[in-house]
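Notes for the one structure printed next.
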Amino acid sequence: MSLSTGRQAVLRIAVLALVLLASCGGGPKTSVTQVWKAPWSPPPMKSIIVFATHMDETSRRSVEDGLVASLAKHDTKVKPSYVFFPADPPEREQARAIVKEAGFDGILVTALKSVKEKQTYVPGSYGGGFWSSYYDRGWTSYTPGYVITDEIVVFETTLWDTRAADKLAFSMLTETPNPSAGPAFVKSVSRAVEAQLERTGLIPRALVQQ
């Protein structure tokens, strides 16, 4: 029987919390799976507020700080949302008024979509070719196949233009396999988002190109 939607969400948040609190393991590599940009071409955004959603408070702050650090290299004023909303956000109109008063050009939202498993079968092998190995004594030199299980963390990141009635200007999906180290995981996701926003011209080019 499948888990309820609410329980699945709780499990996803719990897994992400464990990922971000981890302190060991190699650095993960985030890949971009989908990108969408609005057909209209807004000028680069010079001030952005960053929201991380669908995760626990510790993970939220870690992800927001990582995105702020990456985007700040682009001559852009970037602030994490927890500075303005340290706990649960107020009612919608009040939150909108706070963001508007702060004068942000854009609202960047990164949301945890899922934590899933991907299994890959690696076939077995023989010591030589068909006639020299498989057909003859190779019957006993077979190396059995095996299954590799990867944990994939999926994020959706959207950018909303407050200069154009809060219209959606950009959206992307990322996947990060086996994110065993918290800081490296956040940096990998943040750099993927940063690169796409710069490529689409929605933020200025970096002051110092890496």
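Considering only residues that are polar (S, T, N, Q) and more than 21 Å from the chain's Cα centre (by Cα), which ones fall in region 151-171?
Going through region 151-171, the residues polar (S, T, N, Q) turn out to be 157-158, 162, 171.
Of everything in region 151-171, just one residue is polar (S, T, N, Q) and more than 21 Å from the chain's Cα centre (by Cα), namely T162.
What are the residues in region 19-30 that are modelled with pLDDT under 85 and either surrounded by 15 or more Cβ atoms within 10 Å (Cβ to Cβ) or part of a strand (DSSP E or B) (or both), if any?
First, pick out the residues of region 19-30 that are modelled with pLDDT under 85: 19-28.
Correct list: V19, L20, A22, S23, P28.
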Among the numbered conditions (1) of a type in the set (G, A, S); (2) within 22 Å of D166 (Cβ to Cβ); (3) touching a helix residue (DSSP H, G or I) at 6+ places or on another chain (Cβ under 9 Å), tell me where S41 comes up short.
-> (3)
Take T110 and decide whether it is over 20 Å from E175 (Cα atoms) and among the hydroxyl-bearing types (S, T, Y).
-> no
When region 152-188 is checked residue by residue, the ones that are surrounded by fewer than 22 Cβ atoms within 10 Å (Cβ to Cβ), more than 16 Å from I107 (Cα to Cα) and modelled with pLDDT of 95 or more are L173
Single residue of region 84-115 satisfying the filter (more than 21 Å from K167 (Cα to Cα) and exposed (fewer than 13 other Cβ atoms within 10 Å of the Cβ)) that is modelled with the highest pLDDT = P86
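Looking at region 160-179, which of the residues that are in a loop (DSSP other than H, G, I, E, B) and touching a strand residue (DSSP E or B) at 6+ places or on another chain (Cβ under 9 Å) is nearest to V35 (Cα to Cα)? Full working, then the answer.
Filtering region 160-179 for residues in a loop (DSSP other than H, G, I, E, B) gives 165-166, 178-179.
From the residues that got through so far, the ones that are touching a strand residue (DSSP E or B) at 6+ places or on another chain (Cβ under 9 Å) too are 166, 178-179.
Numbers: D166: 19, N178: 22, P179: 22 Å.
Out of the qualifying residues, it is D166.
State whether one or more residues within region 189-203 are part of a strand (DSSP E or B), surrounded by fewer than 20 Cβ atoms within 10 Å (Cβ to Cβ), of a type in the set (S, T, Y) and at pLDDT 80 or above.
Looking through region 189-203, none of the residues is part of a strand (DSSP E or B), surrounded by fewer than 20 Cβ atoms within 10 Å (Cβ to Cβ), of a type in the set (S, T, Y) and at pLDDT 80 or above.
The values are calculated or read from the model by the stated rules, or taken from the named source; none is laboratory data. What you see is a predicted model, and the numbers here were worked out from it, not measured in a lab. Cβ atoms come from the backbone with ideal geometry, glycine included; neighbour counts cover every protein chain shown.
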